[in-house]
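Undergrad: Let me begin by handing over the structure; questions about it come next.
The values are calculated or read from the model by the stated rules, or taken from the named source; none is laboratory data. Small disclaimer: the values here were computed from a predicted structure and weren't measured. Ideal geometry is used to build each Cβ from the backbone, glycine not excepted, and the neighbour counts take in all protein chains shown.
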Amino acid sequence: MRFRGTGGAGEKIELQMTPMIDVVFQLLIFFMLTFKLAVPEGDFYVNMPLVSAAAGQPEEFQQEIEVRLRADAQGMLAGVLLNDRPLPGGTAEEMIDALRNEIRGIVALFGPGAPGEGPEVQIDADYHLRYQYTMSAITACSGQLVEIAPGRFEVVKFVEKITFPPPREPVP
Amino acid sequence: MIDMAFQLIAFFMVLINFSETAADQQIKLPVSELARPADEPPERSFTLNLNQDGRIRHLGQLLEIEEIRPYLTAEQRAARTRRLALGTDEKTSVIIRSDAACPSGKVQQLMQLCQQHGFESFHLRAQERED
């Protein structure tokens, strides 16, 4: 076996840069591969206390709006009714736009009200309706993005109180 | 060059998150133009992830909605114990992350089940629309 000579007192210990750079690049590749971009998420707040029938007391007058969402056999949006009145539109986007316009008109007529006292929207969707359409209806009722300056948008709020009735029975 | 490499490593190390988050990345959230992160997240909350079949992913298992009852009971008990211990009236919110293709009835069923366990406050999560 050949041993390295134990050098004298003046031997200089050199730092090996090449393997350190290799390790650094390995770490870099690892972190780059495990990095994941998270898409921003937002919430729509729904407050739904359980109300017992026995404790029902007539509340102060509150504008209640019922939105009925109908689904076709594939779960796509087939129709939107506002207080039993069908809204115009051939496509889902047109129907949702019509809903947004109606809600905006109602809020403009009655006013948004004091915080916590505005109109209440109940969204009644068919069981098999895809959740994306329910979310689109919630968005249409909640507000609208308005361009106040080129590239700058502001949220105009419509309705803050959104509720859901008990789920409908699934159609076989 | 090695300084640049160290900078990049530090950048990715700060951003990476090894902890298992409550957000199931396999779920494609519905898109909403008004979805914005809340200024103040709820004080106490737990997350329920619904996939496109309406099943809940919980602790690595796929469960039907009714099968989540024991978990909700445990959360209800924990929330009540916390309220009694701290003497507060704080509410526990339920964050529902549902796939865009999930039947709406399943989401409503889940909300009804949570209501039966005393949870009134719901946050329906959506993805921000990328323009």
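Undergrad: Give segment B:90-104 a look and list any residue that's touching a residue at least 24 places away in the same chain (Cβ under 8 Å) and among the small types (G, A, S), or say none.
TA: Matches in segment B:90-104: B:S93, B:S98, B:A100, B:A101.
Undergrad: Tell me whether segment B:79-96 contains one or more residues that are modelled with pLDDT of 90 or more, of a type in the set (K, R) and at negative phi.
TA: no
Undergrad: State yes or no: is B:L34 touching a Ser or Thr at 6+ places or on another chain (Cβ under 8 Å), of a type outside the set (D, E) and within 13 Å of another protein chain (Cβ to nearest Cβ)?
TA: Answer is yes for this residue.
Undergrad: Tell me, please, whether a residue that is modelled with pLDDT under 90 and of a type in the set (A, V, I, L, M) can be found in segment A:109-129.
TA: There is at least one residue in segment A:109-129 that is modelled with pLDDT under 90 and of a type in the set (A, V, I, L, M).
Undergrad: If A:Y127 meets every condition in (1) in contact with a helix residue (DSSP H, G or I) (Cβ under 6 Å, 6 or more places away or on another chain); (2) farther than 22 Å from B:G54 by Cα apart from one, which number is that one?
TA: Among (1) in contact with a helix residue (DSSP H, G or I) (Cβ under 6 Å, 6 or more places away or on another chain); (2) farther than 22 Å from B:G54 by Cα, the lone unmet condition for A:Y127 is (2).
Undergrad: Something else now. Give me the residue from segment B:48-62 that is in a strand (DSSP E or B) and modelled with pLDDT under 90 and, out of that set, surrounded by the most Cβ atoms within 10 Å (Cβ to Cβ).
TA: B:R57
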